[in-house]
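Note sheet for the following structure.
FYI, it's all coordinate maths here, none of it is from the lab. None of the values given here were measured: they were computed from a predicted structure. Cβ sites come from the backbone with ideal geometry, for glycine too, and all protein chains shown count toward neighbours.
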Amino acid sequence: MTNTARAGVWAAPGRVNLIGEHTDYNDGFVLPFALSQQVTVAAARRDDGLLRLRFPAASGGTKDPVQLRIDALEPGRGPRGWAGYAAGVAWALRDAGHPVGGVDVTFSSTVPPGAGLSSSAALEVACALALNDLYELGLPGDELALLCRRAENAYIGAPTGIMDQAASACCTPGHALFLDTRDLSRRHVPFDPAAHGLALLVVDTRVQHAHADGEYGRRRAGCEAAARTLGVRALRDVPHGELPAALGRLPDADSRGLVRHVVTENERVLRAVDLLAAGDLPALGPVLTAGHASLRDDFRVSCPEVDLAVTAALSAGALGARMTGGGFGGSVLALVARGAEEAVGAAVAAAFAEASYAPPHWFGAAASAGARRLS
Ligand code: GLA
């Protein structure tokens, strides 16, 4: 059934967000970069309309392949987990009128799952890119990212923004992606900490709180309600200079916290972009740390393990540290002196042991390539 003339291998990376958290569903700014860890997809067209998905157990999947009829895919009725993301992408492409048929797909992944590093967006984007090429759709990366977000929102039912899919689809090596999530205009900003004697450390706390999904949706709904109260299309439209007046018009401390975070976070993204352009990377540290305080105190999406990773990294000499991704667990990003990755990672591990938390996992990161065809 497999048409070997129409086969290939594609890859799409996980991401770390440098700054700009919970801004994407508020039409704001984000500044993610791609990790070298990625989802790889070996895929071939089939002419029988079947979607045959294989994610070997060794890569975090299942022993048996999942087989679905491509014309029977329906939101809310698909498989759960990794196969659901792939099915969702096929559904979103077809629902948008793109002539996608059967395909055999084997996934493998080096993106740690559940670590807030967008393993699911990487899977979606790798799959979308494979289908785009196999069925000669000719869609650009940002269009594929939008379709992957639709898979996530409408098929899976997770109310996420566009950042993760856009980062996976559009990032370039050595750059962070400065993205305006309102119109998807973007700039690739050179980002090479090593050239400045610095390094990036990612600490996966290995914590994923069960209530994360519901809390994410509640934060999003809270932001949208605050925007309605303030009479703006999205919180992005509250100018930083008008923040005190806007806060005065909000009814409660919770919504004031949401708005204060989003408005100041957009400002921090702009500041970070300026610092990268000026080559002043050390000054980025305090911006990252301020972003974390805002997520912890105003947006309230941190958790004790993540806070401890941030404070332990800072005590061990990190120039700045913050949670990255949706929150309630996941990973922390720390900007450290080059060569200090091991010492800072070990200091966080020691603090975790002291607190009787499970050992964290850490690795050094550099801005890597976005989604691409490998062969
Ligand atoms: C998750 C979502 C993104 C974004 C971040 C928070 O990663 O998928 O769209 O909202 O949380 O910045």
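How big is the dipole moment of segment 191-364 about its Cα centre under a simple scheme where the beta carbon of each Lys and Arg is +1, that of each Asp and Glu is -1, and everything else is neutral? Debye, nearest 20, please.
Value, rounded to 20: 460 debye.
I need the P(r) histogram for segment 184-228: all alpha carbon pairs, bin width 5 Å from 0 out to the longest distance, whole percents.
5, 14, 9, 11, 13, 17, 19, 10, 3, 0
Given contacts defined as C-alpha pairs under 8 Å and at least six residues apart, what's the relative contact order of the chain, whole-number percent?
Value for the chain: 24 percent.
Choose one of ALA245, LEU333, ALA371: the residue whose Cα lies farthest towards the positive end of the charge dipole of segment 227-375 (beta-carbon charges +1 Lys, Arg; -1 Asp, Glu; about the Cα centre).
ALA371
Rounded, prolate or oblate: pick one for segment 195-354, where a ≥ b ≥ c are the square roots of the eigenvalues of its C-alpha gyration tensor, a/c under 1.5 means rounded, and failing that, prolate if a/b is larger than b/c, else oblate. Show your work: numbers first, answer last.
Numbers: a/c = 2.81, a/b = 1.49, b/c = 1.88.
Oblate, because a/c is 1.5 or more while a/b does not exceed b/c.
Provide, for q = 0.09 Å⁻¹, the log10 of I(q)/I(0) from a solvent-free Debye sum over equal Cα point scatterers in segment 2-189.
-0.28
Work out the P(r) tail for segment 21-124: percent of alpha carbon pairs separated by more than 20 Å, whole number.
45 percent
Going by average Cβ density within 10 Å per residue, which order do the peptides 363-372, 313-322 take, highest to lowest?
Values: 363-372: 20.1, 313-322: 22.0.
Order by mean packing, descending: 313-322, 363-372.
Report the one residue of VAL287, LEU18, ALA316 whose Cα lies farthest in the direction of the positive end of the charge dipole of the chain (charges on C-beta: Lys and Arg +1, Asp and Glu -1; origin at the Cα centre).
LEU18
Could you compute how fast segment 130-260 diffuses translationally, taking Rh as the Kirkwood radius over C-alpha pairs and applying Stokes-Einstein at 20 °C with viscosity 1.002 mPa s? Give it in µm² per second. Kindly include the intermediate steps, with their values, before the conclusion.
Details: Rh = 17.9 Å.
Using the Kirkwood radius from Cα pairs, D works out to 119 µm²/s.
Please get the size of the charge dipole for segment 2-189, origin at its Cα centre, with Cβ charges of +1 on Lys and Arg and -1 on Asp and Glu, quoted in debye to the nearest 20.
Approximately 400 debye in magnitude.
Are there GluC sites (Glu not before Pro) in segment 318-375 that DSSP marks as loop and that have at most 14 other Cβ atoms within 10 Å, and which are they?
Filter output for segment 318-375: empty list.
Mind listing the phi-derived Karplus ³J(HN,Hα) values for segment 147-157, rounded to whole Hz, using 6.51, -1.76 and 1.60 with θ = phi - 60°, and x for any glycine or proline?
5, 5, 5, 5, 4, 5, 6, 8, 8, 7, x
Pairwise over distinct Cα atoms, reciprocal of the mean inverse distance: report the Kirkwood radius of the chain in Å, one decimal place. Before the final figure, lay out each step's value.
On the way: mean 1/r = 0.0478 Å⁻¹.
Averaging 1/r across every pair of different Cα atoms and inverting gives 20.9 Å.
Once you keep just the Cα pairs under 8 angstrom separated by 6 or more residues, what percentage relative contact order results for segment 191-364?
Dividing the mean separation by the residue count of segment 191-364 yields 34 percent.
Order these peptides, 64-73, 185-194, 139-148, by their mean beta-carbon neighbour count within 10 angstrom, highest first. Please list the in-between numbers first.
Details: 64-73: 14.7, 185-194: 16.3, 139-148: 22.0.
Packing order, densest peptide first, comes out as 139-148, 185-194, 64-73.
Antiparallel as a % of all DSSP beta bridges within the chain, to the nearest 5?
Among the beta bridges of the chain, antiparallel pairing accounts for roughly 95 percent.
So if R0 is 41 Å, what FRET efficiency would ASP252 and THR311 give, r being the distance between their Cβ atoms, rounded to the nearest 0.05?
0.90
Please list log₁₀ I(q)/I(0) at q = 0.16, 0.21, 0.25 Å⁻¹ for segment 1-70, using the Debye equation with identical point scatterers on the alpha-carbon positions.
Debye output, listed in q order: -0.79, -0.94, -1.10.
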